[in-house]
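These notes concern the structure reproduced below.
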Amino acid sequence: MESKKRLGRVVQNLLLVIYTIFALFPLLWMLILTIKPDAQMYTTTFVFSPTLDNYKAVIFQSDYLKYMLDSLIVAGGAVIVSVVAGVPAAYALARYNFKKKEDIAFQILSFKFAPEILVVLPLFMLFQKLGIYDSYFGLIWVYQLICMPLLIWVVRGYFEDISVEIEHAAQVDGYTWYQIFFKMLVPLIKPGLVSAALLAFIFAWNSFTFPLILAGTNVQPITVAITKFLGTDSAHYGQLAVAATVSALPAIIFALCIQKHLVRGLSFGAVKG
Amino acid sequence: MAGLRIEHLYKRYENNGKKKKNAVQNDYAVKDLNLVCEQGEFIALLGPSGCGKTTTLRMTAGLEDITKGDIYIGDTLVNNLHPKDRHIGLAFEDYAMYPPLTVYDNIAFNLKAKGVDKAEIDKRVQEIAPLMQCDDLLDKMPVKLSGGQKQRVNIARAIIRRPELLLMDEPLSHLDGKARQAMRTEIKRLINDIKCTTVYVTHDQLEAMSLADKIAIINFGVLQQFGTPAEVYDDPVNEFVASFIGEPPMNILETTIAGEGDHFFFTFKDSNLKIAVPERYYKVVSSGFKCKMGVRPMDVLIGGADSMGTPEEVATFENLGDERRIGIHVGEALLMLITDDEARYKSGDIIKLEVRGEKTHLFDIETGDRIRE
């Protein structure tokens, strides 16, 4: 009986290990590509002469760092705008009763329904007319379609979980509304806010269609810039892999930094209580 | 410490949320409420859910706008004062503790927000904590506390600021039976100790009767009666008050007066029960007069073998240990009586019913108002 149980556990773990390898293999393959010379790029054996040439070419001989910075500015800016505008919006949707409240909330959510490719052409015309084509402002603005609904809906749930009596107690205790908001409520919604902001950041960072069509010369986020390594006559898969690997780093670093909040945040909101 | 004076208070909630274009205005949640609470008095606002008692309390605390009317705390008109400037302590129904803070910090929160210095805060917390028996909870986080403990902390938090007026919003409603009784006794003791003017909202008449110096009974936003527990129990102004106070509630039966010679009797449809009308009512009743008769279950007695009472059949019998409740069909209504005699009955048994006629109350059939002699 004992041994049977143990065998079961071994099999279970073995299957998990196999699945992990299967799931992570593309990433591993990408990492391998980054240190392969162009000549050996298409071999499928694991035998090759490792080189750092690809890294040198991408990081020092192209505008790669500028693209990274562009990505940081637009994705970071988009998240900041979303937080500044979205948290009060979420509070209003959670606490106040006004006409068409649920309609407005659903309208905000529905921004995420339409495929980007569907709305991007009208947006392109609009951006041309408004003169915000190919600008930081334009991209940060359009990224609100990605970030804002997520943030508002997650944070709204957190606000709804907080008893309104806590606010009243703080009022009686002598706090003004902004003290209540910043000192009582913000700490309570922090887990949700942090996890929603991180997800929004990742979505904005990975966005491709919007920056491809609505920017491209002055402002080039990394997702768009990566395609440059595919020329019409040659494809530098090694450099492409380096660009992709390095561009994944910021999100991973952010996630690690706020991991503590993230895990709590995602589970905390799920169960009311 | 200060008194509380409420004058012609009205409250109407605007219905913003509704989609209908020509939505009708809501009824008043509180209608023309007048109340005077003397310095040091403990008054209870009592009524069923949704009667406007909590709304009144919240307007007093400043958490709700006043539609019309004035509220004075002491001699100060507080209508437009911020809650923090009203010198009130408020104990919330849901405890409303700040989850990230320890019990100590929760209790000290108000003083900290006011900027009282640390040594003074500590002194006051150490003074209040034993009073509410939460001195060994001070380091704990609110999530770790039981309901009763939370309520203790909640009340400690309300009184540490030494309020002019202490407001309590159904503080016991989330506690279970035993904790509720223990807490009730504790509140009584506490109020005796600190002698603070207190307004206590509850829907439980037992709490109101046992704690309050005066009870304000409210229904549909209208004050029905304001008086001492004895007054509202013995001398209710209308059918609502009569049926709301007392457990089990007063029996209220529709009756027709029948005259026999010089005497009048209460008679009931489909029943041969006959109760003598006390002489003090002779001026207002006449043969054929219809009204409602109220009598408390304690005032219905079981007669002995030689009793002149009407024989009636027992419909229900509940043995509650130290008292027994017997229900008897009077037409379609059920007349309850409470007896502490030891005899056991079962349904179908015949008992002789005697009603203390002098303890009966008459109410108008239409309005429910008391008919006085």
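Each row is one residue, and each column tells you yes or no for (1) within 30 Å of the chain's Cα centre (by Cα); (2) surrounded by 14 or more Cβ atoms within 10 Å (Cβ to Cβ); (3) at positive phi.
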position	(1), (2), (3)
B:L90	yes, yes, no
B:I121	no, yes, no
B:V125	no, yes, no
B:D139	no, no, no
B:P142	yes, yes, no
B:G147	yes, yes, no
B:I155	yes, yes, no
B:R161	yes, yes, no
B:E170	yes, yes, yes
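Within this structure, B:K21 fails the test of being out of contact with any Gly (no Cβ under 7 Å at 6 or more places or on another chain), open to solvent by 30 Å² or more (accessible area, probe 1.4 Å) and at pLDDT 90 or above.
Inclusion of B:F317 among residues that are among the aromatic types (F, W, Y), open to solvent by 50 Å² or more (accessible area, probe 1.4 Å) and under 28 Å from the mean Cα position of the chain (by Cα) is warranted. Each residue in segment B:61-83 was checked for being surrounded by 16 or more Cβ atoms within 10 Å (Cβ to Cβ) and within 11 Å of another protein chain (Cβ to nearest Cβ), and 5 pass.
Which residues, taken from segment B:205-221, are closer than 16 Å to B:S243 by Cα and part of a strand (DSSP E or B)? Selection gives B:I215, B:A216, B:I217, B:I218, B:N219. Within segment B:234-246, take every residue that is among the hydrophobic types (A, V, I, L, M, F, W, C) and open to solvent by less than 10 Å² (accessible area, probe 1.4 Å) and give me the one that is farthest from B:S286 (Cα to Cα). Within segment B:234-246, the match that is farthest from B:S286 (Cα to Cα) is B:I245.
For segment A:142-155, filtering for residues that are of a type outside the set (A, V, I, L, M, F, W, C), open to solvent by less than 20 Å² (accessible area, probe 1.4 Å) and part of a helix (DSSP H, G or I) leaves 1.
Set side by side, the residues A:S110, A:S82 differ, and just one is in contact with a Cys (Cβ under 8 Å, 6 or more places away or on another chain) and away from chain B (no Cβ under 14 Å), which is A:S82. A Cβ distance below 6 Å, combined with a sequence gap of six or more or placement on separate chains, defines the contacts here; from segment A:158-180, residues that are within 8 Å of chain B (Cβ to nearest Cβ) reach residues that are among the polar types (S, T, N, Q) and not in a loop (DSSP other than H, G, I, E, B) in the pairs A:D173/B:N110. Among the residues of segment A:200-238, those that are open to solvent by 20 Å² or more (accessible area, probe 1.4 Å) and in a helix (DSSP H, G or I) comprise A:I202, A:F203, A:N206, A:T209, A:L212, A:I213, A:T223, A:I226, A:T227, A:K228, A:F229, A:Y237.
A:A241 - would you say it is open to solvent by less than 60 Å² (accessible area, probe 1.4 Å), under 19 Å from the mean Cα position of the chain (by Cα) and away from chain B (no Cβ under 14 Å)? The answer is no for A:A241. What tally of residues in segment B:247-270 results from selecting those that are surrounded by fewer than 18 Cβ atoms within 10 Å (Cβ to Cβ) and in a loop (DSSP other than H, G, I, E, B)? The total comes to 7.
Looking across segment A:85-107, the residues that are closer than 15 Å to A:L145 by Cα and either away from every other protein chain (no Cβ under 14 Å) or among the aromatic types (F, W, Y) (or both) come down to A:A85, A:G86, A:A89, A:F106, A:Q107.
Of everything in segment A:26-57 that is among the aromatic types (F, W, Y) and within 13 Å of A:Y237 (Cα to Cα), the residue that is most open to solvent (accessible area, probe 1.4 Å) is A:Y42.
The values are calculated or read from the model by the stated rules, or taken from the named source; none is laboratory data. Being a predicted model, the structure only gives us computed values, none of them experimental. When we count neighbours, we look across all protein chains shown, and the Cβ atoms used for this are built from the backbone with ideal geometry, even at glycine. These accessible areas exclude ligands, DNA and RNA; they are computed on the full protein's heavy atoms, side chains included. Shrake-Rupley method; radii C 1.70, N 1.55, O 1.52, S 1.80 Å.
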